[in-house]
Amino acid sequence: MSRKMRESLQAYFFLSPIVIGLLIFAYYPPLRGLITAFFEWIPAGDQWKFVGFDNFARMLTDEVLIASVPNMILLMFGGLLIGVTVPFIMAELIFFVRSEKLKYYYRVMLLLPLVVPGVVGMLVWNFIYDPNIGLINSLLDAVGLEQLKHAWLSDSSTVLFALLFMGFPWAAGIGPLIYLSGLMNIPTEVIDSARLDGATGLKRVLQVDIPMVTGQIKFFVVTGMIGGLQQFGQQLVLTGGGPGYSSMVPGYHMYVQAFTYNHFGYASAIGLVLFAVAFGLTIVSMKFIKSE
Amino acid sequence: MRLSGKRASQLALNAFIVLLLAMSIYPMTILLFGFTKDSLTWQYNQWLPALPMWFTNLNYAWKQVGTAFWNTLFVAAAATLGGVFLSSLGGFVFSRMKFYAKEIIFYFIIALMMVPAILGLIPWYLLIKELGLLNSLWALVFTSVFGAPIFGIFLLRGFFSSIPEELFEAAKIDGCGNFKLYYKIAVPVSLSSLATLAIMQVMGVWNDLVGPSIVLTSPDKFVITLALRNFSMSMSGGGMLTNYPALFAAYVISSIPLVLLFFFASKYYIEGLTSSGMKL
């Protein structure tokens, strides 16, 4: 037996638990999702019935689903805008600090919000939005703007913006750190020669820094779009898609269809469409945002 | 004049950064101020610290989330040990061993990064049901352990490839086999990358809500996210009477492990994030 053959057998042995685990827990579910989208589950006798494209046809007349799409688009693009720009601004601010020591402290401070579980972050904002004693309404009271008070999360005219506004001013977290790692990788000669050419301050940011972090921008755009399409944590914890269906998103509709109504086939079909859209958007943005 | 102008702008810059950080962190400090207040103090002072501090809220909150706390700790520990072991072994194999179909198997693994989770969510539930793991913490452990290598191998293969070959040569001459090279050399020199991955695993478990909400049904099996959501829901509707200090005490309890984790490992995490180059 050749040396490479021997080493191959050993490598396969080491990789076998990973490959077997991935086949079961990572490959099987999405592949099965492709199939169950064309079936519907019959509770009586735990059976699956082939229904062709019925599940997809049903989506076209599902008013809740149709109403949920604009909500998702608003939340996704709002989230993208915030998630791509604010961390970059924060990273630049820290990058412009001269003291290396302060820079390091700021980077550690950026991580502080991560020590609180995400669910807690949402629930604290639930309290900030509390109509009676929440921070926002209390502040409005204090400055004499009572007429602007709202039950932010249970008023259909404010709920989407309230969900977007959560986490304001969005300055901490790993986003700025990822941008900073890009900025700190810019060779000093590049920055020095830009300075000689008169590119300092905002001019340098636009002409030197942004082109050097397009890889990171692409990362945030792609992950933000995929995340925006499939996230429904806020609905699950805070709004339940309400009031009415004013904060419903397709992902949460899928969840409810599956786990409240046991429409597993129909829910899989929604999942399949969301997957296709996410996949398409990924390909498109990979193609259109150029990075080195 | 010029120098002091520069100094003034640096001062303004730092002040602005501190303000932004403070505003981002303030919601958490409300928790810290709030969880030690009794209900009377709370009525008059919701936003600032107050004395005396009452720790009875912690007792009450612990009764609500204590079991879930231990459950989550178990899942996080098992998912981290298993996930980091598989990822590092996989990363070692791909960076240091020569074998047939290496590229194909590598892409077979990392292609999964491109598959949005939503497609698999419902069949995942069906799978867990068929494996008889409904309402079992092992459902979460297995999913997390085998989810780790998808990104983990990608991260660690890069890191292991950058280890100088001489380190391995010397050990090979001493007759070390591949597995020994892995745990005697590759692992000890990459602790910071492993720590990054470990933090990601713990955070993933600690923040996971959707998965547990599907497969865990009885409160004695709940993980922390579910217990917090339930506790908060059972309290809400109280309006003015909502016992927020008790809720906040539960939030504080749920954060303690993450606080400890970051206290000991944030340095590695920052290094890992910086060197792994999160970009596309």
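The values are calculated or read from the model by the stated rules, or taken from the named source; none is laboratory data. Small disclaimer: the values here were computed from a predicted structure and weren't measured. Cβ sites come from the backbone with ideal geometry, for glycine too, and all protein chains shown count toward neighbours. All accessible areas refer to the heavy atoms of the entire protein, side chains included, with ligands and DNA or RNA removed. Shrake-Rupley method; radii C 1.70, N 1.55, O 1.52, S 1.80 Å.
What list of ³J(HN,Hα) values in whole Hz, one per residue of segment B:38-51 in order, does the Karplus curve 6.51 cos²θ - 1.76 cosθ + 1.60 (θ = phi - 60°) give from phi, with Gly and Pro shown as x?
Each residue of segment B:38-51 in turn: 7, 5, 5, 4, 4, 4, 9, 9, 9, 10, 10, x, 8, 10 Hz.
Hey, if we sort A:164, A:202, B:51 by accessible area with the 1.4 Å probe, largest down, what's the order?
Numbers: A:164 35, A:202 125, B:51 145 Å².
The most accessible residue leads, giving B:51, A:202, A:164.
Quick one: putting +1 on the C-beta of Lys and Arg, -1 on the C-beta of Asp and Glu, what dipole do you get for chain A around its Cα centre, in Debye to the nearest 20?
Working: 17 positive and 17 negative charges, 207 e Å.
Around 1000 debye, computed over chain A.
Whenever you get a sec, compute what percent of the accessible area on segment A:128-234 sits on carbon and sulfur atoms (1.4 Å probe). Before the final figure, lay out each step's value.
Details: 3050 of 4850 Å².
The value for segment A:128-234 is 63 percent carbon and sulfur by accessible area.
I want to check the label-to-label distance for residue A:200 and residue B:73. Put each point 7 Å from Cα in the C-beta direction and report it in nm to one decimal.
Taking the simple label geometry, residue A:200 and residue B:73 are separated by 5.5 nm.
Using the charge dipole of the protein assembly as shown (Lys, Arg: +1 at Cβ; Asp, Glu: -1 at Cβ; taken about the Cα centre), state which of B:187, A:251, B:33 has its Cα farthest towards the positive end.
Value computed over the given set: B:187.
Take chain B, connect every pair of alpha-carbon atoms lying under 10 Å apart with a spring to form a Gaussian network, then pick out the residue of B:198, B:77, B:171 with the largest mean-square fluctuation.
Per the Cα network of chain B with a 10 Å cutoff, B:171 tops the list.
For segment B:136-213, which chymotrypsin sites (Phe, Trp or Tyr not before Pro) pass both filters: DSSP loop (anything but H, G, I, E, B) and at most 14 other C-beta atoms within 10 Å? Can you show the working numbers first?
Working: sites: B:138, B:142, B:146, B:151, B:154, B:159, B:160, B:168, B:179, B:182, B:183, B:206; in loops: none.
Hits after loop and neighbour filter: nothing returned.
What does the net charge come to around residue A:37 if you take all other residues with beta carbon closer than 12 Å to its beta carbon, with K and R at +1 and D and E at -1? If you can, show how the numbers build up before the last one.
Working: positive: A:32, A:58; negative: A:40, A:54.
It works out to a net charge of 0.
Which length gain, in nm to one decimal place, applies between residue A:47 and residue A:157 when the Cα-Cα distance is subtracted from 0.36 nm times their residue separation? Each step should come with its number before you reach the end.
Numbers: separation 110, 0.36 × 110 = 39.60 nm, distance 4.26 nm.
Here the segment from residue A:47 to residue A:157 would lengthen by 35.3 nm.
Placing +1 at every Lys and Arg Cβ and -1 at every Asp and Glu Cβ, with all other atoms neutral, what dipole size does the protein assembly as shown have around its Cα centre, in debye to the nearest 20?
On the way: 34 positive and 27 negative charges, 264 e Å.
Approximately 1260 debye in magnitude.
Amide H neighbours of residue A:48 under 5 Å, counting only residues 5+ apart in sequence or on other chains, H built in-plane at 1.01 Å?
A:42
Mind giving me the FRET efficiency for residue A:100 and residue A:63? R0 is 60 Å, r the Cβ-Cβ distance, nearest 0.05 is fine. Numbers along the way, then the final one.
On the way: r = 58 Å, r/R0 = 0.96.
With a Förster radius of 60 Å, E is 0.55.
Is there a simple number for the mean count of other chain Cβ atoms within 10 Å of the Cβ of residues in B:89-99, and what is it?
Values: counts 4, 6, 0, 2, 8, 3, 0, 1, 7, 5, 11.
If you average over the peptide's residues, the count of other-chain Cβ atoms is 4.
If each residue of separation counts as 0.36 nm, what is the full-extension length gain between residue B:167 and residue B:19 once their alpha-carbon separation is subtracted? Before the final figure, lay out each step's value.
Working: separation 148, 0.36 × 148 = 53.28 nm, distance 4.74 nm.
Using 0.36 nm per residue and subtracting the Cα-Cα distance, I get 48.5 nm.
With every protein chain left in place, what is the accessible area of residue B:113 in Å² (1.4 Å probe, nearest 10)?
80
Roughly what percent of Cα-Cα pairs across segment A:75-136 reach past 15 Å? Could you put the intermediate results ahead of the total?
Values: 1301 of 1891 pairs.
Result for the distance tail: 69 percent.
I'd like the accessible area for residue B:129: 1.4 Å probe, protein heavy atoms, all chains in place, Å² to the nearest 10.
The accessible area of residue B:129 comes to roughly 70 Å².
Just to compare against my own numbers: the Cα pair-distance distribution for segment B:74-139, 10 Å bins, whole % per bin, please.
Percent of Cα pairs in each bin: 17, 31, 38, 14, 0.
Segment A:79-128: which trypsin sites (Lys or Arg not before Pro) are DSSP loop and have at most 14 other beta-carbon atoms within 10 angstrom? Show your work: numbers first, answer last.
Values: sites: A:98, A:101, A:103, A:107; in loops: A:98.
In loop regions of segment A:79-128 (DSSP not H, G, I, E or B), the sparsely surrounded trypsin sites (Lys or Arg not before Pro) are A:98.
If you scale each eigenvalue of the Cα gyration tensor by 5 and take the root, what three semi-axes come out for segment A:56-288, rounded to whole angstrom and sorted largest first? Please report the intermediate quantities before stating the final value.
On the way: eigenvalues 271, 129, 42 Å².
Gyration-tensor ellipsoid for segment A:56-288: 37, 25, 14 Å.
Mind giving me the FRET efficiency for residue A:260 and residue B:136? R0 is 30 Å, r the Cβ-Cβ distance, nearest 0.05 is fine.
Values: r = 22 Å, r/R0 = 0.73.
E between residue A:260 and residue B:136, to the nearest 0.05, is 0.85.
For the pairs A:203/B:6; B:63/B:129; A:290/B:6; B:129/B:180, note any where the Cα-Cα span goes beyond 27 Å. Intermediate values should be presented prior to the final figure.
Numbers: A:203/B:6 17 Å; B:63/B:129 30 Å; A:290/B:6 36 Å; B:129/B:180 39 Å.
Exceeds cut-off: B:63/B:129; A:290/B:6; B:129/B:180.
Give the accessible surface of segment B:1-139 per residue, rounded to a whole number of Å², with probe radius 1.4 Å and ligands, DNA and RNA excluded.
Working: 7170 Å² over 139 residues.
Result: 52 Å² of accessible area for each residue.
What nm value, rounded to one decimal, do you get for the distance between residue B:55 and residue A:149 when each label is placed 7 Å out toward the C-beta?
3.7
How large are Rg and Dmax for the protein assembly as shown when only the alpha carbon atoms are used, in Å?
Rg and Dmax of the protein assembly as shown, Cα atoms, are 25.3, 85 Å.
In debye, nearest 20, what is the charge dipole magnitude of segment B:82-205 about its Cα centre with +1 on Lys and Arg Cβ and -1 on Asp and Glu Cβ, if you could check? It would help to have the intermediate numbers written out before the result.
On the way: 8 positive and 6 negative charges, 21 e Å.
The dipole of segment B:82-205 has a size of about 100 debye.
Could you give the DSSP H helices of chain A that reach 30 angstrom or more along their long axis (alpha carbon positions) and whose average Kyte-Doolittle hydropathy is no lower than 1.0? If you can, show how the numbers build up before the last one.
On the way: long enough: A:63-95 (48 Å, 1.92); A:264-288 (36 Å, 1.78).
Within chain A the helices that satisfy the rule are A:63-95, A:264-288.
Based on alpha-carbon atoms only, what is the radius of gyration of chain B relative to the globular estimate 2.2 N^0.38 Å?
On the way: Rg = 23.7 Å, N = 280, 2.2 N^0.38 = 18.7 Å.
Dividing the Cα radius of gyration by 2.2 N^0.38 Å gives 1.27.
For chain B, list the DSSP H helices whose alpha carbon atoms reach 30 Å or more along the long axis and whose average Kyte-Doolittle value is 1.6 or above? Numbers along the way, then the final one.
Values: long enough: B:2-34 (46 Å, 1.15); B:56-96 (55 Å, 0.68); B:137-161 (35 Å, 1.70); B:244-276 (41 Å, 1.16).
TM-like helix candidates: B:137-161.
Of the options A:77, A:208, A:142, report the single residue whose Cα projects farthest towards the positive end of the charge dipole of segment A:56-288 (beta-carbon charges: Lys, Arg +1; Asp, Glu -1).
Positive-end residue among those listed: A:208.
Could you order A:60, B:13 by accessible surface area, starting with the largest, using a probe radius of 1.4 Å? Please list the in-between numbers first.
Details: A:60 135, B:13 30 Å².
These residues rank, largest area first, as A:60, B:13.
Scan around residue A:39 for amide H atoms under 5 Å from its own, H built in the peptide plane at 1.01 Å from N, and keep only partners 5 or more places away or cross-chain.
HN-HN under 5 Å from residue A:39: A:51.
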